[in-house]
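The values are calculated or read from the model by the stated rules, or taken from the named source; none is laboratory data. None of these values were measured; they are calculated from a predicted model. Note: ideal-geometry Cβ built from the backbone for every residue, glycine included; neighbour counts use all protein chains shown. Each accessible area value is taken on the protein alone, full model and side chains, heavy atoms only, with ligands, DNA and RNA left out. Shrake-Rupley method; radii C 1.70, N 1.55, O 1.52, S 1.80 Å.
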Amino acid sequence: MIAVAKSPSESMELEAEVVAALATVIDPELDQPITDLGFVSSIRIDDAGVTAHLRLPTSFCAPNFAYLMASDAVDALRRVPGVGAVTVLLDDHHDSDKINAGLAANAGYVGTFGNEADQDLDELRRTFQRKAHTAAMERCVMALLRSTGKTIEQLPGLTLWHLPGGPHKDALLRRRTDIGLGIRPEDPVLVDDDGVPVPPDAVPLRLRFAKAVRISVEGNAHFCRGLLATRYDDEPITTRITNTRRKR
Amino acid sequence: MYEKNGEKYYICDAHIALWDARPENQRNIHGKQFIDCFYDYHKNLSPEEVVWDYDTYTYYGEQRLLKDLFEDGYVDHAIFQPAILSDFYKRGFGQTEDALALTRANPGKLTYNHAWDPRHEEAGLEQLRKDADRMGLKGVKLYTAEWNGDSRGWKLDSLWSRRYLEECLKLGIKNIHVHKGPTIRPLDRDAFDVADIDQVATDYTELNFIVEHVGLPRLEDFCWIATQEPNVYGGLAVAMPFIHSRPKYFAQIIGELLYWIGEDRILFSSDYALWTPKWLVEKFVDFEIPADLPEYAPLTIAQKKKILGLNAASLYGLDVPAELRLSMPEPAVAS
């Protein structure tokens, strides 16, 4: 049977899937997709596969985070059906060579950094997933208080059912899922990192701390976006996409 | 001294440097990357009219420092907080001898803080004793993420670090400034993590731990620890310039710090030459909490005076002219 070139629409579909896959990769410290942050500088799709170049706000961005994002990008792209060979390259980082070699060899974090890396990145990832959950919880509760004009004391036993639908709630449910908390309507909103409900008298402090977490996470995102724009001020902070694929 | 609307402010810039990052002093590519990263900070967060050209930024020398701080920048006293970075720069990034000479030539205006590294173990301890004597040290600046051969960082609560802290106690070096901020690579020896501050602040209550960059990018971890440890302070280096580019975020940082650690433990710093103090001082004195952040109380003039200089003066025993001190509160009138 003669191989038939894919129609342009199918190739475009692949392109959209590749972009969507990279959009699932989150900067753990900023809790935002690397695609929104401008960290994906280019995507090249050809008959062999896909190559994505990543960049970061400084050459001194922590290598553990850099590795985490780059390896998550590899995993996300490999899940795209029919994508072919996946190559992810981190540019302009002081550990670019090390990280890129490690990714190409599937060496893992410890395998990439050798004796510098005592343990795998799961705990680091989890730390930031917990922070992201704390910040998302605060956004939901404060939005609810603002819209109802009530105080937190007037909302005893606040459950997920009480939260109005929308992006804040969606974000909270995703963060809860990430750290293994329930998302049933009757599940309490104000919980600690392990899902244990916060006692009523501890709620104000928990919310106050959650606010500091949110401000910290949001502020870091401002900082990193600003630095990235300064560092690449002669380039657009968008993703260059080239797609020459004719067949799968 | 800075004066605005009849109010006079004593200014102590608690974190400055005299650095040399010129290509001839760079040991390797990391030296270039490091100063490039600093320059991006400078360009990104400074008002356009005060941005330096790159070559000036890599080396500005003593005279420019004196002018930017004391002639133009309203600074009454400034404290050197050097990053040595000898793995990146041949003669070091911070210019120890030049800064020390400048301190001696300008009595009362400058304080020189030096650095130690516990990975130098016994030899470093001996060096610290000599340095303390020769340099008249009242403080040190520690860079826990500094590279040293195969090691890319250390913890304040490690065994050798504790021995150095004990030596500081003996030598009267009471102010321990610690870089806990953005950039410079930690690996899983996570140098951003402020947990080691918690350990040593509890164990060495006679030392003051000044967390530079208020723990950014982990402000909340810093606040949580500092709330519980009365000898932990927050240095505003790197947080200050947001006053221009992200005033709302700056207001949130200040608001959170005032809530968690209070007005007596926050120290102004320009982080010169990352930023020059002149515009930071002017903007801070004019700064008001935006109307859309009603959860924070307005900043008072007394709070601004403490943050801009009086708090650091108290830590370093600086002689603040009487007219620049806070007047005692009026006694309550008995009715």
Per-residue average of Cβ from other chains inside 10 Å of B:211-218: 3
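Per DSSP H run of at least 4 residues, take -39500 (n - 2.57); add these up for the protein assembly as shown, divide by its residues and hand me the 222 nm value, nearest 500 deg cm²/dmol.
Numbers: 21 runs with 242 residues, N = 583.
Result for the protein assembly as shown: -12500 deg cm²/dmol, rounded to the nearest 500.
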Under-5 Å amide H pairs with B:LEU110, H placed in peptide plane, nonlocal only: B:ALA78
Placed amide H near A:THR159: partners under 5 Å, 5+ positions off or other chain: A:VAL189
Karplus (6.51, -1.76, 1.60) ³J(HN,Hα), θ = phi - 60°, over the range A:209-215, in Hz, Gly and Pro reported as x: 5, 4, 5, 4, 4, 4, 4
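Find how much the distance from A:SER9 to A:GLU123 grows on full extension, using 0.36 nm per residue of separation minus their present alpha carbon separation; answer in nm with one decimal. Before the final figure, lay out the partial values.
On the way: separation 114, 0.36 × 114 = 41.04 nm, distance 4.17 nm.
Result: 36.9 nm gained on full extension.
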Residues of type aspartates and glutamates that B:LYS8 reaches as a straight line, Cα spacing below 20 Å, ignoring anything fewer than 8 places off in the same chain: B:ASP68, B:GLU71, B:ASP72, B:ASP76, B:GLU263, B:ASP264, B:GLU282, B:ASP286, B:GLU288, B:ASP319, B:GLU323, B:GLU330
Principal-axis tilt of helix B:96-105 within chain B, Cα atoms, nearest 10 degrees: 40
Shielding score for A:214-225, defined as the mean number of other chain Cβ atoms within 10 Å: 6
Derived scalar couplings ³J(HN,Hα) [the range A:131-148; Karplus, 6.51 cos²θ - 1.76 cosθ + 1.60; whole Hz; x for Gly, Pro]: 4, 4, 5, 4, 5, 5, 4, 5, 4, 5, 5, 5, 5, 5, 4, 5, 6, 9
Proximal lysines relative to A:LYS169, as straight alpha-carbon distance under 27 Å, when same-chain residues fewer than 8 apart are discounted: A:LYS131, A:LYS150, A:LYS211, B:LYS248
Cα-projected label distance for B:GLU121 with B:ARG134, points at 7 Å along beta-carbon direction, nm: 2.3
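So in chain B, what percent of DSSP beta bridges are antiparallel if you round to the nearest 5? Kindly include the intermediate steps, with their values, before the conclusion.
Values: 7 of 30 bridges.
Antiparallel bridges: around 25 percent, rounded to the nearest 5.
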Amide H contacts under 5 Å for B:ILE11, placed H, 5+ residues apart: B:TYR2, B:ASP76, B:HIS77
Antiparallel bridges, percent of DSSP beta bridges restricted to the protein assembly as shown (to nearest 5): 35
For the protein assembly as shown: accessible area per residue (Å², 1.4 Å): 42
Karplus-derived HN-Hα couplings along the range B:78-86 (A = 6.51, B = -1.76, C = 1.60, θ = phi - 60°), whole Hz, x at Gly and Pro: 9, 10, 6, 10, x, 9, 7, 6, 6
Net lengthening on full extension, B:ARG325/B:THR56 (0.36 nm per residue, minus Cα-Cα): 93.2 nm
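Please compute, over every Cα-Cα pair in the range B:1-153, the percentage with a separation greater than 25 angstrom. Could the numbers behind the result be given before it?
Numbers: 4135 of 11628 pairs.
So the pairs more than 25 Å apart make up 36 percent of the total in the range B:1-153.
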Partners for B:LYS130 among aspartates and glutamates (Cα-Cα distance below 16 Å; same-chain residues under 8 apart left out): B:GLU97, B:ASP117, B:GLU121, B:GLU122, B:GLU166, B:GLU167
